[in-house]
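Chemist: Mind having a look at this structure? Questions to follow.
The values are calculated or read from the model by the stated rules, or taken from the named source; none is laboratory data. Note that this is a predicted model, so its numbers are computed, not measured. Glycine gets a Cβ as well: all are built from the backbone with ideal geometry, and neighbour counts include every protein chain shown. Please note that ligands, DNA and RNA were not included when accessible areas were found on the heavy atoms of the full protein model with its side chains. Shrake-Rupley method; radii C 1.70, N 1.55, O 1.52, S 1.80 Å.
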Amino acid sequence: PPSGPTAADMTRRAKSSRVTPDGRLLSTWASEDGITITPPSAADVKRGKPYHRIVYYDGAGTRRFASGGRTFQDALDALPFVRKRMEAQLSREMQPVSKLVDGFLTDHGLSPRGWSKKHQSGQAWLMKHYVLPAWGETPCGKITAQKVKELVFSAPTQGEQRRLRCAISGMLKYAYAEDWTTQEAASLLKTTNLRRKVAESVEEVEGRVCL
């Protein structure tokens, strides 16, 4: 028989000394590979959002977050998914945007019904004339809100800006869903000046297609 505690014994002891009776973590927990789980704050609990937070770093060294559920066990159960996502992101985030565009156009984004020929043609045109010349060789993980803003406003008219923004929005949603980037589309498109200049003319489109 083993002379010391097993890994399972050690895990049970750690968990029993770190959690409340209802399963919430009392202090930050760290895994051996650098992922941390932080407990909900008193303010989070008061707001009715008693969720743990998983903190990790992507391939570019940027701090990222994922929901860890209401209990420490929920957060532990989510770690395999987080690690799998990290591995996928490490490889895909370094790929050039041109590869992302190929996937986006081939898969018709995230549309469950596919695209019409007209929409396919329009998306391909916008990618060819705007996205690829500006970002073609840029690693997917290096797309920033500033880059998005500059590209959208490089279009000559507000109507063209609207169409380009919608196309970029669709591409970024696809990129996040397919692990080309760890950044959600909303965070990359959430630029006050951009929204103020475009939103008045695209309110209807914003509700149907864009963010």
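Chemist: Can you order the peptides 174-181, 29-36, 94-101, 76-83 by their average number of other Cβ atoms within 10 Å per residue, highest first?
Modeler: Ranking the peptides 174-181, 29-36, 94-101, 76-83 by packing returns 174-181, 94-101, 76-83, 29-36.
Chemist: Here's a follow-up. Rounded, prolate or oblate: pick one for the stretch 107-152, where a ≥ b ≥ c are the square roots of the eigenvalues of its C-alpha gyration tensor, a/c under 1.5 means rounded, and failing that, prolate if a/b is larger than b/c, else oblate.
Modeler: prolate
Chemist: Please tell me the relative contact order of the stretch 78-148 in percent, rounded to the nearest whole number, where contacts are Cα pairs under 8 Å and at least six residues apart.
Modeler: It rounds to 49 percent for the stretch 78-148.
Chemist: In Å², and per residue, what accessible area does the stretch 65-175 have when probed at 1.4 Å with the other protein chains present?
Modeler: On a per-residue basis, the stretch 65-175 sits at 52 Å².
Chemist: Near K142, which lysines are there with a Cα under 20 Å away, not counting those fewer than 8 places off in the same chain?
Modeler: Excluding near neighbours in sequence, the set is K99, K128, K173, K190.
Chemist: On to the next question. Return the carbon/sulfur percentage of the accessible area of the stretch 71-120, one whole number, probe 1.4 Å, all protein chains in place.
Modeler: 56 percent
Chemist: Per the 1.4 Å probe, what fraction of the accessible area of the stretch 139-182, in percent, lies on carbon and sulfur atoms?
Modeler: 49 percent
Chemist: Which one, G114, T138, Q95, projects farthest toward the positive side of the charge dipole computed for the stretch 75-177 from Cβ point charges (K/R +1, D/E -1)?
Modeler: Positive-end residue among those listed: G114.
Chemist: Also, I was wondering about something else. Please give the peptides 141-147, 39-45 ranked by average Cβ packing (other Cβ atoms within 10 Å per residue), highest first, as a rough proxy for protection.
Modeler: In decreasing order of mean packing, 141-147, 39-45 become 141-147, 39-45.
Chemist: Would you kindly derive the ³J(HN,Hα) couplings of the stretch 144-155 from the backbone phi angles with the Karplus curve 6.51 cos²θ - 1.76 cosθ + 1.60 (θ = phi - 60°), listing them in order in whole Hz, with x for Gly and Pro?
Modeler: Values, residue by residue: 10, 4, 5, 4, 4, 4, 4, 5, 4, 7, 7, 5 Hz.
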